[in-house]
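The structure appears below as structure tokens.
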Amino acid sequence: MDGEEKTDNSLAGLLELVETSPLASIKGTVSRILSLISDPAASSSELIQLIELDPPLTAKILRVANSAYYATSKDISDIHQALIWIGLDTLKEIILTQKMSELYHGGTSVAGYSRFQLWRHSLAVAFLAKNIYRREFGEKGNNAYAAGLMHDIGIIVEDQLLHQEFMQLVQSMKDAPRSLSDGETSLFGYDHGLVGMALAESWNFPAELKEGIGFHHNPEGASKEHRLFVKTIFVADYLMFAQGYGYVAMPLPDREILEQYVRDLGLQWYALRALVELVREEMEKVEQKGYLVA
Ligand SMILES: [Fe+2]
Ligand SMILES: [Fe+2]
């Protein structure tokens, strides 16, 4: 039997399942917000139109905008005010975060894994990736935030659609530690990077994000154009995992790889440590204020 062909078929089959599952409910809003995030010329009226199409989303955004987390002294009662007080870029991040959080509700907790832990991990990686771009590279980092938030989207697809097998895999990793990607590949024939990349492809995500999702465990596989971006996601993923923002019992890759990527990105360790500390404080604030909603 042709093993490769079988793998391809099952990944395609999984994607077909996605389209008829509740996961697909976020597709329209997420695809549009991602294109607004990557288009610097996109206007705020396009964003408002997008929000107004989705009343439950509007309510959630107003709740978050009024939460102590954003600590505005104003009472924000509509999206126009939210835009003025918290700004366009933050508003885009809130929309993406709220829509993505819908995928992480429910589920079961097995051997340290739960959808909640995975969501907490994703948010921490998003914060760190964005801060590396903003504070070290002097760029806005909206795409880095999006890639951090979505890099493990393939895991939530497996958890939702291949639930029993995935939970058994997580359970087995507790007694026989190995990387999640190795475990997934031997069980399913693909790992969560491939699942996420296939999803990103079929939902027309921007190329940078697609590669950030697909190659976050092996940035060398990314195109030259996006490799440094993907290495940033790798570094953020590694560091937050090591700092207690993991979601499963697994050994981290060789630290030398991390150190090489930190050099490739031109980052200094003292600066990275300060950013990790900042993200830890940010996450504590988020957890205390109830912004971590999944
Ligand atoms: Fe991952
Ligand atoms: Fe991750």
Within the stretch 244-290, can you find the residues that are more than 17 Å from the chain's Cα centre (by Cα), surrounded by 12 or more Cβ atoms within 10 Å (Cβ to Cβ) and either under 17 Å from LEU180 (Cβ atoms) or within 16 Å of ligand 1 (Cβ to nearest atom) (or both)? ALA249, MET250, LEU252, PRO253, ILE257, LEU258, TYR261
Hits in the stretch 230-243 (condition: among the hydroxyl-bearing types (Ser, Thr, Tyr) and surrounded by fewer than 22 Cβ atoms within 10 Å (Cβ to Cβ)): TYR238
So the check is Cβ under 8 Å with 6+ separation or different chains; which pairs have a first residue in the stretch 12-39 that's farther than 13 Å from ALA146 by Cα and a second one that's buried (at least 18 other Cβ atoms within 10 Å of the Cβ) and of a type in the set (Lys, Arg)? ILE26/LYS99; THR29/LYS99
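Filter the stretch 125-153 for residues that are of a type outside the set (Gly, Ala, Ser), within 16 Å of ligand 2 (Cβ to nearest atom) and in contact with a Phe, Trp or Tyr (Cβ under 6 Å, 6 or more places away or on another chain) and give the result.
Step one: list which residues in the stretch 125-153 are of a type outside the set (Gly, Ala, Ser), which gives 125, 127-128, 130-137, 139-140, 142-143, 145, 149-153.
Okay, now just the ones that are also within 16 Å of ligand 2 (Cβ to nearest atom), so 125, 127-128, 130, 132, 145, 149-153.
Of everything in the stretch 125-153, just one residue is of a type outside the set (Gly, Ala, Ser), within 16 Å of ligand 2 (Cβ to nearest atom) and in contact with a Phe, Trp or Tyr (Cβ under 6 Å, 6 or more places away or on another chain), namely LYS130.
Looking at this structure, is GLU211 without any contact (Cβ under 8 Å) to a residue 60 or more places away in the chain, away from ligand 1 (no atom under 11 Å from the Cβ) and under 15 Å from the mean Cα position of the chain (by Cα)?
yes
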Of the residues in the stretch 132-157, those that are surrounded by fewer than 21 Cβ atoms within 10 Å (Cβ to Cβ) and within 16 Å of ligand 1 (Cβ to nearest atom) number 0
Mind checking whether some residue in the stretch 233-250 is out of contact with any Leu (no Cβ under 6 Å at 6 or more places or on another chain), away from ligand 2 (no atom under 12 Å from the Cβ) and under 20 Å from PHE137 (Cβ atoms)? no
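For HIS226, indicate whether it is surrounded by fewer than 24 Cβ atoms within 10 Å (Cβ to Cβ) and closer than 28 Å to ARG32 by Cβ. Lay out the reasoning, then the answer.
Working: surrounded by fewer than 24 Cβ atoms within 10 Å (Cβ to Cβ): yes; closer than 28 Å to ARG32 by Cβ: yes.
Against the criterion (surrounded by fewer than 24 Cβ atoms within 10 Å (Cβ to Cβ) and closer than 28 Å to ARG32 by Cβ), HIS226 qualifies.
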Does the stretch 95-108 contain at least one residue that is in a helix (DSSP H, G or I), of a type in the set (Gly, Ala, Ser) and either away from ligand 1 (no atom under 16 Å from the Cβ) or under 15 Å from the mean Cα position of the chain (by Cα) (or both)? yes
With the condition kept exactly as written, say whether any residue in the stretch 224-231 is within 30 Å of ALA274 (Cα to Cα), of a type in the set (Phe, Trp, Tyr), in a helix (DSSP H, G or I) and within 16 Å of ligand 1 (Cβ to nearest atom). yes
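Rule-based calculations on the coordinates, nothing more; no lab input. Since we're looking at a predicted model, the values are computed, not measured. Glycine gets a Cβ as well: all are built from the backbone with ideal geometry, and neighbour counts include every protein chain shown.
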